[in-house]
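Undergrad: Just passing along the structure, written as C-alpha coordinates.
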Amino acid sequence: MTALRTGRHVILEGPPGVGKSTLLRVVADAAGWGMEFVEGNAELTPARLVGAHDPALVLERGYLPEAFTEGPLVAAMRQGSLLYIEELNRVPEETLNVLITALAEGELHVPRVGHIAASPQFRLIAAMNPFDAVGTARVGQAIYDRMCRIALGYQDRAAEERIVERMTGTAGELTEVAVALARATRTHEALRTGSSGRGSIDMVLLARGLEELRGEASFESLLDAALAAFSGRPSSTRIRPEKAARAASRSESKLGPPRSSSRPRARSTMSIAPRTDDPVRSASWVRVARARPTATSVSSPSSPVTCSTIRSSPARSW
(Lines give C-alpha, C1' and ligand atoms only; values in the text may rest on other atoms or scores of the structure.)
Protein backbone atom coordinates (compact mmCIF):
# COMPACT_ATOMS: atom_id res chain seq x y z
CA MET A 1 0.00 0.00 0.00
CA THR A 2 2.81 2.41 0.86
CA ALA A 3 4.64 1.69 -2.39
CA LEU A 4 1.52 2.38 -4.45
CA ARG A 5 0.66 5.56 -2.57
CA THR A 6 4.16 6.91 -3.16
CA GLY A 7 3.91 6.30 -6.90
CA ARG A 8 6.00 3.13 -7.11
CA HIS A 9 5.41 0.09 -9.29
CA VAL A 10 5.67 -3.29 -7.55
CA ILE A 11 6.75 -6.86 -8.27
CA LEU A 12 5.33 -9.50 -5.92
CA GLU A 13 7.56 -12.57 -5.78
CA GLY A 14 6.59 -15.78 -4.09
CA PRO A 15 5.55 -19.41 -4.57
CA PRO A 16 2.02 -20.28 -5.67
CA GLY A 17 -0.75 -20.09 -3.12
CA VAL A 18 0.65 -17.41 -0.79
CA GLY A 19 -2.09 -14.91 -1.64
CA LYS A 20 -0.47 -12.55 -4.14
CA SER A 21 -3.64 -12.00 -6.17
CA THR A 22 -5.82 -11.86 -3.05
CA LEU A 23 -3.53 -9.27 -1.48
CA LEU A 24 -3.69 -7.10 -4.58
CA ARG A 25 -7.48 -7.19 -4.73
CA VAL A 26 -7.72 -6.19 -1.07
CA VAL A 27 -5.30 -3.30 -1.61
CA ALA A 28 -7.14 -2.14 -4.74
CA ASP A 29 -10.51 -2.20 -2.97
CA ALA A 30 -9.13 -0.35 0.06
CA ALA A 31 -7.57 2.36 -2.10
CA GLY A 32 -10.55 2.66 -4.45
CA TRP A 33 -8.51 1.78 -7.53
CA GLY A 34 -9.84 -0.04 -10.56
CA MET A 35 -7.85 -2.99 -11.86
CA GLU A 36 -6.97 -4.36 -15.27
CA PHE A 37 -6.01 -8.04 -15.09
CA VAL A 38 -3.54 -9.60 -17.55
CA GLU A 39 -2.54 -13.26 -17.54
CA GLY A 40 1.12 -13.57 -18.44
CA ASN A 41 1.94 -16.25 -21.00
CA ALA A 42 3.88 -16.78 -24.21
CA GLU A 43 0.92 -15.62 -26.30
CA LEU A 44 0.79 -12.15 -24.72
CA THR A 45 1.96 -10.04 -27.66
CA PRO A 46 2.55 -6.26 -27.61
CA ALA A 47 -0.65 -5.80 -29.62
CA ARG A 48 -2.71 -7.66 -27.01
CA LEU A 49 -1.19 -5.60 -24.21
CA VAL A 50 -1.37 -2.17 -25.88
CA GLY A 51 -4.30 -2.60 -28.24
CA ALA A 52 -4.85 -2.71 -32.00
CA HIS A 53 -6.92 -1.22 -34.78
CA ASP A 54 -10.04 -3.03 -35.92
CA PRO A 55 -9.30 -4.06 -39.55
CA ALA A 56 -12.96 -3.79 -40.61
CA LEU A 57 -13.33 -0.26 -39.24
CA VAL A 58 -10.00 0.77 -40.73
CA LEU A 59 -11.11 -0.37 -44.19
CA GLU A 60 -14.42 1.42 -43.79
CA ARG A 61 -13.38 4.66 -42.10
CA GLY A 62 -9.59 4.74 -41.95
CA TYR A 63 -7.32 5.07 -38.95
CA LEU A 64 -9.69 7.03 -36.74
CA PRO A 65 -9.56 7.00 -32.92
CA GLU A 66 -12.74 4.94 -32.73
CA ALA A 67 -11.11 2.22 -34.84
CA PHE A 68 -8.54 1.59 -32.10
CA THR A 69 -9.41 -1.04 -29.47
CA GLU A 70 -7.59 -0.34 -26.22
CA GLY A 71 -5.56 -3.05 -24.60
CA PRO A 72 -5.25 -3.37 -20.82
CA LEU A 73 -2.09 -1.24 -20.67
CA VAL A 74 -3.61 1.75 -22.49
CA ALA A 75 -6.88 1.39 -20.56
CA ALA A 76 -5.07 1.40 -17.21
CA MET A 77 -2.92 4.39 -18.18
CA ARG A 78 -5.90 6.48 -19.30
CA GLN A 79 -8.19 5.51 -16.42
CA GLY A 80 -5.53 5.71 -13.72
CA SER A 81 -6.09 2.15 -12.53
CA LEU A 82 -3.88 -0.75 -11.52
CA LEU A 83 -2.46 -2.98 -14.22
CA TYR A 84 -1.93 -6.43 -12.74
CA ILE A 85 0.24 -8.82 -14.77
CA GLU A 86 0.26 -12.36 -13.42
CA GLU A 87 3.27 -14.63 -14.08
CA LEU A 88 5.49 -11.81 -15.34
CA ASN A 89 8.38 -14.17 -16.06
CA ARG A 90 6.25 -15.99 -18.64
CA VAL A 91 5.73 -12.86 -20.74
CA PRO A 92 7.86 -12.64 -23.95
CA GLU A 93 10.73 -10.16 -23.88
CA GLU A 94 9.34 -8.04 -26.73
CA THR A 95 6.15 -7.52 -24.74
CA LEU A 96 8.07 -6.60 -21.58
CA ASN A 97 9.98 -3.97 -23.55
CA VAL A 98 6.71 -2.12 -24.15
CA LEU A 99 6.41 -1.58 -20.40
CA ILE A 100 9.77 0.17 -19.99
CA THR A 101 8.67 3.56 -21.33
CA ALA A 102 5.35 3.37 -19.49
CA LEU A 103 7.16 2.66 -16.21
CA ALA A 104 9.99 5.16 -16.63
CA GLU A 105 8.30 8.09 -18.37
CA GLY A 106 4.62 7.48 -17.69
CA GLU A 107 3.79 7.71 -21.37
CA LEU A 108 3.39 5.54 -24.44
CA HIS A 109 3.48 6.19 -28.18
CA VAL A 110 1.14 4.09 -30.30
CA PRO A 111 1.50 4.24 -34.10
CA ARG A 112 -1.46 5.99 -35.82
CA VAL A 113 -2.89 6.82 -32.39
CA GLY A 114 -0.26 9.13 -31.01
CA HIS A 115 1.04 9.99 -27.60
CA ILE A 116 -0.74 8.53 -24.57
CA ALA A 117 0.09 10.02 -21.18
CA ALA A 118 -0.50 7.96 -18.06
CA SER A 119 -2.77 9.22 -15.31
CA PRO A 120 -0.95 10.03 -12.04
CA GLN A 121 -2.85 7.13 -10.45
CA PHE A 122 -1.56 4.53 -12.92
CA ARG A 123 0.39 1.72 -11.27
CA LEU A 124 1.80 -1.57 -12.49
CA ILE A 125 1.81 -4.57 -10.17
CA ALA A 126 3.33 -7.81 -11.41
CA ALA A 127 3.44 -11.21 -9.74
CA MET A 128 5.79 -14.06 -10.46
CA ASN A 129 6.95 -17.37 -9.05
CA PRO A 130 10.76 -17.25 -9.09
CA PHE A 131 11.03 -20.99 -8.32
CA ASP A 132 9.23 -22.21 -11.44
CA ALA A 133 11.58 -23.01 -14.33
CA VAL A 134 9.03 -24.44 -16.77
CA GLY A 135 7.99 -22.00 -19.48
CA THR A 136 9.63 -19.03 -17.77
CA ALA A 137 12.37 -16.62 -18.73
CA ARG A 138 14.60 -14.27 -16.80
CA VAL A 139 13.11 -10.81 -16.31
CA GLY A 140 15.49 -8.14 -17.58
CA GLN A 141 17.23 -5.69 -15.30
CA ALA A 142 15.55 -2.79 -17.11
CA ILE A 143 12.21 -3.95 -15.67
CA TYR A 144 13.56 -4.77 -12.21
CA ASP A 145 15.27 -1.39 -11.97
CA ARG A 146 11.97 0.43 -12.41
CA MET A 147 9.97 -1.55 -9.86
CA CYS A 148 10.03 -2.28 -6.15
CA ARG A 149 10.33 -5.93 -5.22
CA ILE A 150 8.29 -7.43 -2.39
CA ALA A 151 8.96 -11.08 -1.52
CA LEU A 152 6.09 -13.10 -0.05
CA GLY A 153 6.47 -16.42 1.73
CA TYR A 154 4.15 -18.97 3.25
CA GLN A 155 2.19 -17.95 6.33
CA ASP A 156 2.84 -19.53 9.70
CA ARG A 157 0.84 -22.58 10.75
CA ALA A 158 -1.79 -20.68 12.71
CA ALA A 159 -2.42 -18.30 9.83
CA GLU A 160 -2.68 -21.15 7.32
CA GLU A 161 -5.19 -22.92 9.56
CA ARG A 162 -7.30 -19.78 9.74
CA ILE A 163 -7.20 -19.45 5.95
CA VAL A 164 -8.28 -23.06 5.46
CA GLU A 165 -11.05 -22.67 8.03
CA ARG A 166 -12.33 -19.56 6.27
CA MET A 167 -12.23 -21.14 2.82
CA THR A 168 -13.78 -24.47 3.85
CA GLY A 169 -15.92 -23.59 6.87
CA THR A 170 -14.27 -26.46 8.73
CA ALA A 171 -12.27 -26.19 11.96
CA GLY A 172 -10.67 -28.81 14.15
CA GLU A 173 -8.40 -31.81 13.70
CA LEU A 174 -9.10 -32.28 10.00
CA THR A 175 -7.95 -28.75 9.20
CA GLU A 176 -4.91 -29.09 11.47
CA VAL A 177 -3.81 -32.34 9.82
CA ALA A 178 -4.33 -31.03 6.28
CA VAL A 179 -2.25 -27.93 7.01
CA ALA A 180 0.45 -29.98 8.73
CA LEU A 181 0.71 -32.30 5.72
CA ALA A 182 1.07 -29.40 3.30
CA ARG A 183 3.72 -27.75 5.48
CA ALA A 184 5.64 -31.03 5.83
CA THR A 185 6.04 -31.33 2.05
CA ARG A 186 7.88 -28.00 1.96
CA THR A 187 10.72 -29.18 4.20
CA HIS A 188 11.11 -32.80 3.13
CA GLU A 189 14.55 -33.38 1.66
CA ALA A 190 13.27 -35.58 -1.19
CA LEU A 191 10.89 -32.98 -2.58
CA ARG A 192 11.78 -30.08 -4.84
CA THR A 193 9.03 -27.77 -3.60
CA GLY A 194 6.07 -28.41 -1.37
CA SER A 195 2.35 -27.97 -1.67
CA SER A 196 0.69 -24.61 -1.22
CA GLY A 197 -2.27 -23.90 0.99
CA ARG A 198 -4.54 -24.92 -1.86
CA GLY A 199 -3.60 -28.54 -1.14
CA SER A 200 -4.86 -28.20 2.43
CA ILE A 201 -8.09 -26.60 1.26
CA ASP A 202 -8.67 -29.35 -1.30
CA MET A 203 -7.99 -32.11 1.22
CA VAL A 204 -10.47 -30.73 3.74
CA LEU A 205 -13.19 -30.20 1.14
CA LEU A 206 -12.65 -33.65 -0.37
CA ALA A 207 -12.65 -35.36 3.03
CA ARG A 208 -15.93 -33.69 3.97
CA GLY A 209 -17.44 -34.51 0.58
CA LEU A 210 -16.43 -38.17 0.82
CA GLU A 211 -17.81 -38.34 4.35
CA GLU A 212 -21.20 -37.15 3.10
CA LEU A 213 -21.09 -39.45 0.08
CA ARG A 214 -20.08 -42.59 2.02
CA GLY A 215 -21.98 -41.79 5.19
CA GLU A 216 -19.00 -42.00 7.55
CA ALA A 217 -15.58 -40.49 8.26
CA SER A 218 -13.39 -43.47 7.45
CA PHE A 219 -9.75 -44.26 6.91
CA GLU A 220 -10.37 -44.75 3.19
CA SER A 221 -11.99 -41.33 2.86
CA LEU A 222 -9.05 -39.59 4.51
CA LEU A 223 -6.56 -41.48 2.34
CA ASP A 224 -8.45 -40.77 -0.86
CA ALA A 225 -8.74 -37.07 0.02
CA ALA A 226 -5.02 -36.81 0.79
CA LEU A 227 -4.00 -38.57 -2.42
CA ALA A 228 -6.28 -36.47 -4.60
CA ALA A 229 -5.24 -33.20 -2.93
CA PHE A 230 -1.47 -33.68 -2.80
CA SER A 231 -0.21 -36.40 -5.16
CA GLY A 232 -1.51 -34.67 -8.29
CA ARG A 233 0.36 -31.40 -7.66
CA PRO A 234 3.61 -31.26 -9.68
CA SER A 235 5.25 -28.99 -7.12
CA SER A 236 4.82 -31.53 -4.34
CA THR A 237 5.14 -34.96 -5.92
CA ARG A 238 8.50 -35.03 -7.68
CA ILE A 239 11.50 -36.45 -5.85
CA ARG A 240 15.13 -35.58 -6.31
CA PRO A 241 16.89 -38.78 -7.37
CA GLU A 242 20.07 -38.19 -5.38
CA LYS A 243 18.21 -37.33 -2.17
CA ALA A 244 15.76 -40.17 -2.61
CA ALA A 245 18.68 -42.59 -2.90
CA ARG A 246 20.30 -41.24 0.28
CA ALA A 247 16.98 -41.39 2.15
CA ALA A 248 16.41 -44.97 1.03
CA SER A 249 19.94 -45.94 2.08
CA ARG A 250 19.54 -44.43 5.55
CA SER A 251 16.15 -46.08 6.00
CA GLU A 252 17.54 -49.48 4.96
CA SER A 253 20.36 -49.23 7.48
CA LYS A 254 17.98 -48.27 10.29
CA LEU A 255 15.17 -50.73 9.57
CA GLY A 256 17.20 -53.67 8.31
CA PRO A 257 16.32 -55.89 5.36
CA PRO A 258 12.66 -56.13 4.40
CA ARG A 259 10.55 -58.94 5.78
CA SER A 260 9.94 -61.85 3.47
CA SER A 261 6.47 -62.01 2.02
CA SER A 262 4.79 -63.93 -0.73
CA ARG A 263 3.20 -60.70 -1.90
CA PRO A 264 5.45 -57.71 -2.60
CA ARG A 265 4.46 -54.57 -0.78
CA ALA A 266 5.91 -51.06 -0.46
CA ARG A 267 7.49 -50.33 2.90
CA SER A 268 6.96 -46.92 4.49
CA THR A 269 10.43 -45.44 4.93
CA MET A 270 10.18 -41.75 4.02
CA SER A 271 7.91 -40.17 6.60
CA ILE A 272 6.59 -36.72 5.78
CA ALA A 273 5.35 -36.15 9.31
CA PRO A 274 6.58 -32.74 10.55
CA ARG A 275 8.16 -31.82 13.85
CA THR A 276 6.76 -33.09 17.15
CA ASP A 277 4.84 -29.87 17.75
CA ASP A 278 2.72 -30.51 14.64
CA PRO A 279 -0.51 -32.51 14.97
CA VAL A 280 0.43 -35.12 12.36
CA ARG A 281 3.21 -36.56 14.55
CA SER A 282 1.49 -35.99 17.88
CA ALA A 283 -1.96 -37.33 16.85
CA SER A 284 -2.22 -41.11 17.25
CA TRP A 285 -5.07 -41.50 14.82
CA VAL A 286 -3.32 -40.59 11.57
CA ARG A 287 0.13 -40.92 10.05
CA VAL A 288 1.04 -40.42 6.43
CA ALA A 289 4.27 -41.80 5.01
CA ARG A 290 5.97 -41.98 1.67
CA ALA A 291 6.83 -45.28 0.04
CA ARG A 292 10.50 -46.10 -0.25
CA PRO A 293 11.66 -45.09 -3.77
CA THR A 294 12.31 -47.95 -6.13
CA ALA A 295 15.16 -48.13 -8.60
CA THR A 296 12.86 -46.68 -11.25
CA SER A 297 11.87 -43.69 -9.17
CA VAL A 298 15.47 -42.99 -8.21
CA SER A 299 16.61 -42.95 -11.82
CA SER A 300 13.73 -40.81 -13.07
CA PRO A 301 13.15 -37.35 -11.55
CA SER A 302 9.64 -37.31 -13.01
CA SER A 303 8.45 -40.39 -11.09
CA PRO A 304 5.86 -39.44 -8.48
CA VAL A 305 6.19 -40.21 -4.81
CA THR A 306 2.97 -41.87 -3.74
CA CYS A 307 1.34 -42.17 -0.36
CA SER A 308 1.63 -45.75 0.90
CA THR A 309 0.01 -45.98 4.32
CA ILE A 310 -2.32 -44.14 6.61
CA ARG A 311 -2.90 -45.66 10.03
CA SER A 312 -6.08 -44.50 11.70
CA SER A 313 -8.09 -45.08 14.86
CA PRO A 314 -11.79 -46.04 14.66
CA ALA A 315 -13.84 -43.79 12.40
CA ARG A 316 -14.99 -40.48 13.81
CA SER A 317 -16.87 -37.52 12.46
CA TRP A 318 -14.83 -34.50 11.43
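Undergrad: Need the failing condition index for Glu176 against (1) crowded, with 18+ Cβ neighbours inside 10 Å; (2) under 29 Å from Asn41 (Cβ atoms), just the number.
TA: With (1) crowded, with 18+ Cβ neighbours inside 10 Å; (2) under 29 Å from Asn41 (Cβ atoms) applied to Glu176, the lone miss is (2).
Undergrad: Select from segment 19-57 the residues that are part of a helix (DSSP H, G or I), of a type outside the set (Gly, Ala, Ser) and modelled with pLDDT of 90 or more and list them in ascending order. Give the derivation first.
TA: First, pick out the residues of segment 19-57 that are part of a helix (DSSP H, G or I): 20-31, 46-50, 55-57.
Filter again for of a type outside the set (Gly, Ala, Ser), leaving 20, 22-27, 29, 46, 48-50, 55, 57.
Listed by number, the residues that qualify are Pro46, Arg48, Leu49, Val50, Pro55.
Undergrad: On to the next question. Confirm whether Glu165 is surrounded by 14 or more Cβ atoms within 10 Å (Cβ to Cβ), at pLDDT below 90 and either aliphatic (A, V, I, L, M) or within 21 Å of the chain's Cα centre (by Cα) (or both).
TA: Taking the combined requirement at face value, the residue does not satisfy it.
Undergrad: Just need a number here: residues in segment 78-93 that are farther than 12 Å from Glu13 by Cα and part of a helix (DSSP H, G or I).
TA: Residues flagged as farther than 12 Å from Glu13 by Cα and part of a helix (DSSP H, G or I) within segment 78-93 amount to 4.
Undergrad: Now a separate question. Which condition number does Phe68 fail, the rest of (1) at pLDDT 90 or above; (2) within 27 Å of the chain's Cα centre (by Cα) being met?
TA: Against the list (1) at pLDDT 90 or above; (2) within 27 Å of the chain's Cα centre (by Cα), Phe68 comes up short only on (2).
Undergrad: Being surrounded by fewer than 12 Cβ atoms within 10 Å (Cβ to Cβ) and touching a residue at least 12 places away in the same chain (Cβ under 8 Å) is the filter; apply it to segment 150-162 and report the residue that is nearest to the chain's Cα centre (by Cα).
TA: Taking the candidates together, the pick is Gly153.
Undergrad: Of all residues in segment 94-144, count the ones that are part of a loop (DSSP other than H, G, I, E, B) and more than 25 Å from the chain's Cα centre (by Cα). Before the answer, list the steps.
TA: First, the residues of segment 94-144 that are part of a loop (DSSP other than H, G, I, E, B): 106, 111-113, 118-122, 129-140.
Adding the requirement that they be more than 25 Å from the chain's Cα centre (by Cα) leaves 106, 111-113, 118-122.
Within segment 94-144, residues that are part of a loop (DSSP other than H, G, I, E, B) and more than 25 Å from the chain's Cα centre (by Cα) number 9.
The values are calculated or read from the model by the stated rules, or taken from the named source; none is laboratory data. Nothing here was measured: the structure is a model prediction, and the numbers come from that model. FYI the Cβ positions are ideal-geometry reconstructions off the backbone, even for glycines, and counts take in every protein chain you see.
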